[in-house]
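Structure first, commentary second.
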Amino acid sequence: MDFTGEERIAAPRDVVWAALNDPEIMRGCIPGCQSIERLSPDTFEATIKVKFSLLSATFHGLLTLSNVDAPKSYTLSAEGKGGLAGFAKGSADIVLEENGAETILHYRAKAELGGKLAQFGARLLDSTSQRLAERFFSDFNAAVVAKIAAG
């Protein structure tokens, strides 16, 4: 499942870039994120609880940054295991475009699910994954704007 989108953020690109690399901001924006810890400059360990229709699963795994071109773009890859529910893998190419005093965050994401999760059907998984991505980027936008307002 692949999806794309964009968020217009009322903040300069360097502020948006810093927020994309801040584990506390990310924890508050990733839907269902219970914990996130930086292991190295480009690797994080995370625990995320996700609800897919009737099935809820807690995933433990790694988030990795690659193709880093600061402060313009990177690829965020995730791989997690959800016990009996199965596994989830995904990545998002994120590009930050300066637009005056604002930044346009473009993303192209893809996700793959296996195990019991894969049995739910592609349409349900596609809509849930896209909804979670849209919620993350919307919440991220709000967090960056709030951080700027707080000084």
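Here is how the numbers come out for the structure above:
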item: Residue match in the range 92-108 (condition: at pLDDT below 90 and on the phi < 0 side of the Ramachandran plot); result: no
item: Search result, residues across the range 1-37 that are more than 15 Å from the chain's Cα centre (by Cα) and not hydrophobic (A, V, I, L, M, F, W, C); result: 8, 12, 13, 14
item: Conditions (1) free of Cβ contacts under 8 Å to residues at least 60 places away in the same chain; (2) out of contact with any helix residue (DSSP H, G or I) (no Cβ under 9 Å at 6 or more places or on another chain); number of the one not met by residue 90; result: (2)
item: Residue satisfying all of: in the range 40-73; in contact with a Gly (Cβ under 8 Å, 6 or more places away or on another chain) and not aliphatic (A, V, I, L, M); farthest from residue 127 (Cα to Cα) among these; result: 45
item: Residue within the range 15-24 that is among the polar types (S, T, N, Q) and either open to solvent by less than 20 Å² (accessible area, probe 1.4 Å) or not in a strand (DSSP E or B) (or both) present; result: yes
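The values are calculated or read from the model by the stated rules, or taken from the named source; none is laboratory data. Everything quoted here is computed from the prediction, not taken from an experiment. Neighbour counts run over all protein chains shown; Cβ positions are idealised from the backbone, glycine included. Surface accessibility is based on the protein's heavy atoms, side chains included, excluding ligands, DNA and RNA. Shrake-Rupley method; radii C 1.70, N 1.55, O 1.52, S 1.80 Å.
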